[in-house]
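Below is one structure; the comments refer to it alone.
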Amino acid sequence: MELDGRAWRPNPNGLRYRVVAEQGWDHWSGSESRDHITADDQGLIFAVDGDGALTTSLLNRRDDSWPILGDVIDTGWDQYDRIFAGGEGVLYAQRPDSTLLRFQYHHSSQRWLEYAQPAGHGWDYSHLFSIGADLVYGVDEESGDLVRHRWDREIEDWEPGENHRTVVGTGWSGFEHITADGAVCTYDFSDLPRSTVPDSDRSRSLTPTEDADGLMRLYFTESSGRLFEAWQSSPSDPTRFGYTPLGRDARFAAHPSAVQRSNGETSLVAQHRDSSIWGASRVDGDWGDFSPLGGWTPGPAQLVETTDGTVTAFAVTEDGRLLHREQHPAPGAKVRWWPLGGAELTSDLTVVAEGDQIHVVVRDDQGSFHLVTAEDGTAITWTTLPGHGFEGSASLTIDSAGQWRLLARGADDRIHELRESTLSAGWSSVGDQEFVGSPAAIVRAGDRTTLVARGADDYLYVAVQDALDDSRYGEWTQLIDRRTGMVYRTSTDAAVLRNAAGYLLISFLDLADELYVFRSAYPDAIGVASEPVSAADEETDEPLTEFDGGPVELTEVR
């Protein structure tokens, strides 16, 4: 129904209403569920279904279609007796003890902007409703007063007044139902998320994984924005790959993120050029369609899987806050983008799982790193690490004793290391060589860390932790194909993967988007065990810096 002045505007059929859905809404017709459905000033319907899930639906009034219908955005809302909208995406929810909580959900970016903000106790009114702009009305059944409250977003509290309320009418007791037009008053919501132009940094354009057969799979974007999956087609040759484009005609920014899940599926996210995050899964060898996941972040998202099988994405907002979203959630999970906190953060982040915990290292705009440990969707620790002036992303590793170490490029363009075990000693330089990219670090057998970084000459260099003195690293060694002596320039940082057989695989792209893959000449057990090295290699100081590889031979498979 639509108002025309003081009267309902009739439809062409002469009725003052029209049916827009003939079934599926009976759950909310009963008195026990009538207070579990509401609509904001944009026409977005919020409803709590029979399982306690909060859903959204949106009617296209031009053709009475439902582009969004019953989309679950949260769970556990059966704990509330009543919900009502208070503005664009603004929801108030009342608990049985009369506690009121404020929420704000941004539909287009699929973000929770505010979640369960306490809004006071004692809301024992017989009716609660809003006319928008956080103007909340209630009926004091005992006195019959109609009272008004207004939430002040600046101070995150109700406007001052006696009991934070103003009496605006009398004689309102005895009504069975009261409602109001929720779009009468509106806020200036110019601070809501908007799509933006993604960061143009292509230094991190590849993500490697290992499939169930022990073969490498690579996900990367070309300069044109096309997204590809490439898979190793020969176990004995690291430079032979099949490939296929993903996402059809969509165009993506750099750095897709993928995880090979413990159940055999693959989860993938990539940032579209409109700054939204898109996601897809490969199940039983077949890719499903890409679907937009909102986000609208200036940089890409990073995926990680915890031991319970949950896959979580992390990203940073335009105002520098850390977000997370569970991609394959268990019941009760956070199925939209949730704020974890922070301020003035950049999109340079790294995520690593340790059991059911996730460690996130993110750089702020002053070049300092923050280490965030999250569990069950909550940041349980947030530590600002020493030092500032760092550039790019850090690389985080965790050894067999559960001790972390961080590698990053400093203001002097050298690679520096910070260890949990010697945190008070601060950062130490790994050699004197200067670099332009972010380092990639990986723990190999015997807790020996291998570093790969892009030098100022755009060649990759490798350094390996000393086998006898773990406080030292060997010299930086240029990445060379030991068979031919060839070296290749890169336009991206290295993507590294240690496979199940103990080999290190390094991949990168050049300026022409040509793909290169190198595999270590030996499994890393050679660095910690008595495994012999052939006579031809006896003069090599560090066998773990020897690699075979070069340009990849790609064969398209449709």
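All of the numbers you see were taken from the coordinates with simple rules; none came from a lab. Keep in mind that what you see is a predicted model, and the values were worked out from it rather than measured. As a convention, Cβ positions derive from the backbone with ideal geometry for all residues, glycine included, and neighbour counts pool all protein chains shown.
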Rounded to two decimals, what is Rg over Rh for the range 140-297 when you use alpha-carbon atoms and the Kirkwood radius? 1.31
Whether the range 303-385 is rounded, prolate or oblate, judged on the alpha carbon gyration tensor where a/c under 1.5 counts as rounded: prolate
Grab the other residues whose beta carbon is less than 12 angstrom from that of residue 500, score K and R as +1, D and E as -1, and report the net. -3
Just subtract the alpha-carbon distance of residue 318 and residue 17 from 0.36 nm times their residue separation and send over the number in nm, one decimal. 104.1 nm
Rg/Rh ratio calculated on Cα atoms of the range 194-256 (Kirkwood radius): 1.05
Have a look at the range 395-551 and give its Rg and Dmax from the Cα atoms, expressed in angstrom. 15.1, 45
Dipole check, the range 395-551, charges on Cβ (K,R +1; D,E -1), about Cα centroid: among 400, 440, 512 the Cα furthest to the positive pole belongs to 400
Hand me the trypsin sites (Lys or Arg not before Pro) from the range 192-235 located in a DSSP loop with no more than 15 other Cβ atoms within 10 Å, in residue order please. 194
With Cβ to Cβ distances under 15 Å as the rule, what net charge do the other residues near residue 35 carry (K, R +1; D, E -1)? -3
At 20 °C in a medium of viscosity 1.002 mPa s, the range 285-326 has a Stokes-Einstein diffusion coefficient, with Rh taken as the Kirkwood radius over alpha carbon pairs, in µm² per second, of 182 µm²/s
Rounded to two decimals, the Rg over Rh value of the range 1-150 from Cα coordinates and the Kirkwood Rh reads 0.98
Full extension between residue 287 and residue 421 adds, at 0.36 nm per residue less the Cα distance, a length in nm of 44.0 nm
Order by neighbour count: 267, 190, 393, 471, fewest other Cβ atoms within 10 Å first, most last. 190, 471, 267, 393
Difference of contour (0.36 nm per residue) and Cα-Cα distance, residue 157 to residue 192: 10.6 nm
So which GluC sites (Glu not before Pro) in the range 90-154 end up in coil per DSSP with only 15 or fewer other C-beta atoms within 10 Å? 141, 142, 154
Kindly put 249, 447, 41 in sequence by how many other C-beta atoms sit within 10 Å of each C-beta, fewest to most. 249, 447, 41
